[in-house]
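S.K.: This is the structure, below, for whatever I ask next.
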Amino acid sequence: MTDFNVHTIESAPEASKPQLEHSQKTYGFVPNLHGVMAESPALLEAYRTVSAIFDTKTDLSTTERQIIAMTNNRLNGCTYCMAAHTSIMQAGKVPDDVITALRDGTPIADPKLEALRVFAEQVNEKRGWIERSDIDALLAAGYTKQTVFDVIVGTAYKVLSNYTNHVAQTPLDPTFAKNEWTAETERVQ
């Protein structure tokens, strides 16, 4: 089995060092995901760029963005991102019932947010081959055509991190350990 490095700022390829320095300044530490991605400066830059676009260029709220991210994390079975995004949601004051629903793969009580969760699920599971009725349900809940495409941006962002974590088996950071999640955890609840 191939082992992948979790780079520090010092051990990272030169082109990744500025990105990791930015992570250090932003989070107060270099998340292991970023340390693993640093092996490929292109991957790390792509991830950080798409993440920033998703966070700042969509019309979605923090809760809505996390619904898209967490739905993809759960469906893709990404234990690292489930724990990390749970921590992000807690810090972002996402309601506890929404966090629980996303971790468990159960409906969200708020009908509009549930429509977004279902749509994000459909985009992931159908690999973008969604039915017109899926789009119509999202629009009927109060979202826009822009939201349809913003969900795709969020899905692409999560493919970068989820697949990286699968390949590298990225170790969970101590900061996220309290929110550890496994697919088995979801099935038990």
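The values are calculated or read from the model by the stated rules, or taken from the named source; none is laboratory data. Just so we're clear, the structure is a prediction, and the values are computed from it rather than from any experiment. Neighbour counts are summed over all protein chains in view; Cβ atoms, including those assigned to glycine, are modelled from backbone coordinates with ideal geometry. Side chains are part of the model used for accessible areas, which takes the heavy atoms of the whole protein and leaves out ligands, DNA and RNA. Shrake-Rupley method; radii C 1.70, N 1.55, O 1.52, S 1.80 Å.
S.K.: Evaluate the range 129-189: find the radius of gyration of its Cα atoms, find its Kirkwood radius, and give the ratio Rg to Rh.
M.R.: Rg/Rh: 1.12.
S.K.: Can you find, among Met82, Ala52, Tyr163, the residue sitting farthest towards the positive end of the charge dipole of the chain, where Lys and Arg contribute +1 and Asp and Glu -1 at Cβ?
M.R.: The residue sitting most towards the positive pole is Ala52.
S.K.: Let me ask you something else. Report Rg(Cα)/(2.2 N^0.38 Å) for the chain, keeping two decimals.
M.R.: Values: Rg = 16.5 Å, N = 189, 2.2 N^0.38 = 16.1 Å.
Taking N as the residue count of the chain, the ratio is 1.03.
S.K.: Kindly report the accessible area of the range 46-108 per residue (heavy atoms of protein chains, probe 1.4 Å, no ligands, DNA or RNA), in Å². Could you put the intermediate results ahead of the total?
M.R.: Numbers: 2360 Å² over 63 residues.
On a per-residue basis, 37 Å².
S.K.: For the range 1-62, which trypsin sites (Lys or Arg not before Pro) are both in a DSSP coil and crowded by at most 12 other Cβ atoms within 10 Å?
M.R.: Details: sites: Lys25, Arg48, Lys57; in loops: Lys57.
Sites meeting the loop and neighbour criteria: Lys57.
S.K.: In whole Hz, with x marking every Gly and Pro, tabulate ³J(HN,Hα) for the range 112-123 from phi via Karplus 6.51 cos²θ - 1.76 cosθ + 1.60, θ = phi - 60°.
M.R.: 5, 5, 5, 4, 5, 4, 5, 5, 4, 5, 5, 4
S.K.: Over the range 116-181, with the other protein chains present, what is the accessible area per residue in square angstrom, probe 1.4 angstrom?
M.R.: On the way: 3500 Å² over 66 residues.
Here the per-residue accessible area is 53 Å².
S.K.: Per residue Cα convex hull volume for the range 12-55, in cubic angstrom? Could you put the intermediate results ahead of the total?
M.R.: Values: hull volume 2.7 nm³, N = 44.
Roughly 61 Å³ of hull volume per residue.
S.K.: Here's a follow-up. Round to a whole number: what % of the accessible area of the chain belongs to carbon and sulfur, probe 1.4 Å?
M.R.: Working: 5270 of 9600 Å².
Looking at the chain in its full context, I get 55 percent from C and S.
S.K.: Convert 10 °C to kelvin, take the viscosity as 1.306 mPa s, use the Kirkwood radius over C-alpha pairs of the range 1-100 as Rh, and evaluate the Stokes-Einstein diffusion coefficient in µm²/s, rounded to a whole number.
M.R.: Working: Rh = 14.6 Å.
Estimated diffusion coefficient is 109 µm²/s.
S.K.: Counting alpha carbon pairs within less than 8 Å and at least 6 residues apart, what relative contact order, in whole percent, applies to the chain?
M.R.: Working: 219 pairs, mean separation 53.4, N = 189.
Relative contact order of the chain: 28 percent.
S.K.: For the range 96-160 and the range 26-75, what is the separation of their Cα centres, given in Å?
M.R.: 17
S.K.: From largest accessible area down, sort Arg132, Arg65; use a 1.4 Å probe on the protein chains. Don't skip to the end; give the middle numbers.
M.R.: On the way: Arg132 160, Arg65 35 Å².
Output order, biggest surface exposure first: Arg132, Arg65.
S.K.: Obtain the nm distance between the two label points defined at Thr26 and Lys93 by a simple spin-label model: each point lies 7 Å from its Cα along the Cα-to-C-beta direction.
M.R.: Distance between the two pseudo-spin positions: 2.2 nm.
S.K.: State the percent of C-alpha pairs, over all pairs in the range 37-78, separated by a distance greater than 14 angstrom. Present the calculation step by step, with values, prior to reporting the outcome.
M.R.: On the way: 506 of 861 pairs.
I get 59 percent for the Cα pairs in the range 37-78 exceeding 14 Å.
S.K.: Moving to a separate point now. Under a Cβ-only charge scheme (Lys and Arg +1, Asp and Glu -1), can you give me the dipole magnitude of the chain about the Cα centre, in debye to the nearest 20?
M.R.: Working: 17 positive and 24 negative charges, 48 e Å.
Result for the chain is approximately 220 debye, rounded to the nearest 20.
S.K.: Related question: Can you give the longest stretch of the chain with no exposed loop site, where a site means chymotrypsin sites (Phe, Trp or Tyr not before Pro) in a DSSP loop (not H, G, I, E or B) with at most 13 other C-beta atoms within 10 Å? Could the numbers behind the result be given before it?
M.R.: Values: sites that count: Phe29, Trp129.
Longest run free of exposed loop sites: 30-128.
S.K.: Further, regarding this structure: Between Thr175 and Thr144, what FRET efficiency follows from the Cβ-Cβ distance if R0 is 30 Å, with the result rounded to 0.05?
M.R.: Working: r = 35 Å, r/R0 = 1.17.
My answer for the efficiency is 0.30.
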